[in-house]
Amino acid sequence: MISGSIENASTVLAVALKACAILMLSTRMASAADAMDPEQIMLGRELFFDKNLSADRSIACSSCHMESRAFSDGKRVSPGASGHSGTRNAPSLRGVGAYRQLFWDGRADTLEGQAVFPLYSPIEMGLSGEAELLSRVRENRGYVREFQRLAGTESATPTAAFVVQALAAYERSLVPRTTPLDDYLAGNEVALSPEAKSGLALFRGRAGCSTCHRLDDGDASLTDNQFHESSVGVRAAGKRFPALALQLTRMSLKQRLDLIPRDSRVAALGRFVVTLEPKDMAFFRTPSLREAKLTAPYMHDGSIRSLQEAVDVELYYRGLQQGYPVNFSLAERRDIRLFIESATPAVSSNERLTSQRSATFIVSTRHE
């Protein structure tokens, strides 16, 4: 009896320890978000949903990063102000506070630095610079009062730094949500279906997915935050690939980055455009697979329409990298997809409605 009690207690302890390890990432990020000023986060949220921060007042950050789609937008590439479209797929912002480098090509290493690019990009929000940004912000008396409160003085006026800090604070608050995968890894054996469990074994084993989409007892982020070669989209550069790369070496970093949303051939060169290192040619940051069920289409150029197609394409390219075919049955491919879908929380229709009402409230109360 004593022996059985000890074994049972040990099992409970092991499960509890594993649960703590698996949820560590989300807990760390939630703690960081809790440490921030809630009013700054709310101000950042209002700015995030404000279409007046685009040149023609037609789009907001939330236009490309929709809460109902795990802060992606469901489009191959996102339309910007004045009807322009870029060359990159809008990635999910869930858990973005833990990322060490931002954008598909890693050009920014802070959320504050990231926020500047879409605001001033002619293809995205299209503002001409800080002066126009601050003019738009100062139109809203509520924004001005909140900036004064954060600055601690009624004589303060909004600055560009305040704007990007508030946006970054809101984005850091978008911590990962608990999913069936988290529950399973924490010890709930019935959280995953038998098919998803089979997919997990393949994901960690023969398919080799966890090499880049990290999954272990201390990290269920499903990304290694590194850059890896992708053949997807390389054909866009065609035979001009070498000549285009050489042309970029004669440009400044700003000139190269300005070309990315305008030219799909340049965009296909990936991190090389940022570093000019040959080893970074066609390398892109590994996206997290958390909530991937909500973020179709996939890949840096949005060229893969469904999650099943993304699984099939990745398995095909893994075979090319290894130099021999990697054969998986249709059932095995389906199981891998079902496993990836388990990293998306089950959201009720009531929760979706609440989210939509919240966004509507912010839009309707923004101006006084």
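Coordinate-derived values only; no laboratory data. The structure presented is a predicted model; accordingly, all values stated were derived computationally and were not measured. Cβ sites come from the backbone with ideal geometry, for glycine too, and all protein chains shown count toward neighbours.
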Report the full-extension gain for the segment GLU139 to SER329: residue separation times 0.36 nm, less the Cα-Cα distance, to one decimal in nm.
-> 62.5 nm
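Please compute the alpha carbon radius of gyration of the stretch 180-341, then divide it by the globular-protein estimate 2.2 N^0.38 Å. Two decimals is fine. Mind showing how you got there, number by number?
Details: Rg = 17.7 Å, N = 162, 2.2 N^0.38 = 15.2 Å.
Here the Cα radius of gyration is 1.17 times the empirical estimate.
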Backbone N within the stretch 79-115 under 18 Å of label point (7 Å from ASP263 Cα along the Cβ vector) = 85-88, 105
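If I stretch the segment between GLU132 and GLN148 completely, what's the gain in nm (0.36 nm per residue apart, minus their alpha carbon distance), one decimal? Can you show the working numbers first?
Working: separation 16, 0.36 × 16 = 5.76 nm, distance 1.95 nm.
Full extension of this stretch gives 3.8 nm more.
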Estimated vicinal HN-Hα couplings, Hz - the stretch 303-315 in sequence order (Karplus 6.51, -1.76, 1.60; Gly, Pro = x) | 7, 9, 7, 10, 5, 5, 5, 5, 4, 4, 5, 5, 5
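Please state the relative contact order of the stretch 80-183 as a whole percent: Cα pairs under 8 Å, 6+ residues apart? Spell out each step's value before the answer.
Values: 95 pairs, mean separation 33.3, N = 104.
Relative contact order for the stretch 80-183 comes out at 32 percent.
Can you give the FRET efficiency to the nearest 0.05 for GLU39 and LYS254, using r as the Cβ-Cβ distance and R₀ = 30 Å? Intermediate results must be reported in sequence, preceding the final value.
Values: r = 34 Å, r/R0 = 1.14.
About 0.30, to the nearest 0.05.
Using alpha-carbon pairs under 8 Å, 6+ residues apart, how would you state the relative contact order of the stretch 180-341 in percent?
Numbers: 206 pairs, mean separation 45.6, N = 162.
Computed over the stretch 180-341, the figure is 28 percent.
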Karplus-derived HN-Hα couplings along the stretch 224-231 (A = 6.51, B = -1.76, C = 1.60, θ = phi - 60°), whole Hz, x at Gly and Pro | 9, 6, 10, 10, 9, 5, 10, 7
Under 5 Å, built H, 5+ apart or other chain: amide partners of ALA282 | GLY270, ARG271, PHE272
Interchain or sequence-distant (5+) residues whose placed amide H lies within less than 5 Å of the amide H of SER72 are MET66, LEU93
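Can you give the translational diffusion coefficient of the stretch 81-207 in µm²/s, computed by Stokes-Einstein from the Kirkwood radius over Cα pairs at 4 °C and 1.567 mPa s? Could you put the intermediate results ahead of the total?
Working: Rh = 18.1 Å.
In µm²/s, the coefficient rounds to 72.
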Difference of contour (0.36 nm per residue) and Cα-Cα distance, SER68 to ALA161 = 30.6 nm
